[in-house]
Amino acid sequence: MPPPVFRFAPSPNGYLHLGHARSALLNFDLARASGGRFLLRIEDIDTARCRPEFEAAICEDLDWLGLSWERPVRRQSEHFDLYREALSRLDREGLLYKSFESRAEIARLVAQRDALGRWPRDPDGAPLYPGAGAAQSTSEQERLEQSGLPFALRLKVEAAMHRARHLIWTEQGEGPQGETGMVAAQPQVWGDVVLGRKETPASYHLSVVVDDALQGVTHVVRGQDLFWATSVHRLLQRLLGLPEPVYQHHALVRDASGAKLAKSSQSTALRALRAEGFSPADVRRMAGAEAG
């Protein structure tokens, strides 16, 4: 049996903080304890915000923590063609449509619907898509695209769920409400999610499942903030015929106010802690990832 494969997959759009350290250390320690492999993947789909200096800092911080990983490192920006292939497959199966509303137009539509009773939100608190893209004819969509308008490629979640039928995943960690074991996926709570845009060949949801499959990732260990995103990932895995990893979601590192750490949290940035004289062992303790 091949060894288990774990990965840490940050986006180089800022400096790593204690929350990233927890995830990276857990993945590395689990790989080492199981005789498995540990991969580093750079998720730089958003080329406007991702910068080489942040990627260099990621490697520097992980090396300082004592982590080692296989080379070469996979960069998503080098594999846009693979994501386009996945989108084309979903499109050929009639599971995608384009939405042309701007963010301002979507906000206005949500406000109108909120006035009639609160419009549904996804698990992250963002409003579900309220626009008319799914109802537009093919000719109307082609006309709007030819006019040069930007668009988002959205998954027809209801049709996709009908095709995929019952979906579950194996959870070895714990969800925000204590969910564990065999968890029933609920992709519908996200509405018709964006899988790509005119200017970007893939969203996080699409690229992560394609990459995990191509890299042979068997165990996805990440924060609880992505717990319910797994519902979308399981749906895409079923639609694209991709293998299902085991999932393990861990508690987040939070600041003094109880808020989730962000890359703007300079006080918990690993490079800032290092400059203040903290050791890798200190960071392990602060991140709640002491070696067992």
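The values are calculated or read from the model by the stated rules, or taken from the named source; none is laboratory data. This one's a predicted model, so the numbers in the text were calculated from it and none came from an experiment. In this analysis, Cβ positions are derived from the backbone assuming ideal geometry, glycine residues included, and neighbour counts consider all displayed protein chains.
Remarks
- Cβ separations smaller than 6 Å between residues 6+ apart or across chains give the following pairs from region 169-191 residues that are touching a residue at least 12 places away in the same chain (Cβ under 8 Å) and outside any loop (DSSP other than H, G, I, E, B) to residues that are surrounded by 19 or more Cβ atoms within 10 Å (Cβ to Cβ) and charged (D, E, K, R): Trp169/Arg234.
- Considering the conditions (1) free of Cβ contacts under 8 Å to residues at least 60 places away in the same chain; (2) under 21 Å from the mean Cα position of the chain (by Cα), Gln146 is excluded by exactly one of them, (2).
- The residues of region 186-229 that are small (Gly, Ala, Ser) and surrounded by 21 or more Cβ atoms within 10 Å (Cβ to Cβ), listed by number, are Gly196, Ala202, Ser203, Ser207.
- All conditions but one from (1) touching a strand residue (DSSP E or B) at 6+ places or on another chain (Cβ under 9 Å); (2) in contact (Cβ under 8 Å) with a residue 60 or more places away in the chain apply to Met161; the one that does not is (1).
- Residues that are out of contact with any helix residue (DSSP H, G or I) (no Cβ under 8 Å at 6 or more places or on another chain) and within 19 Å of Arg284 (Cβ to Cβ) were ranked within region 35-59; the one that is surrounded by the most Cβ atoms within 10 Å (Cβ to Cβ) is Ile58.
- Qualifying position, being of a type in the set (S, T, N, Q) and either at pLDDT below 95 or farther than 19 Å from Val193 by Cβ (or both), among Ser34, Ser99: Ser34
- Residue check for Asn27: among the polar types (S, T, N, Q) and in contact with a strand residue (DSSP E or B) (Cβ under 6 Å, 6 or more places away or on another chain): yes
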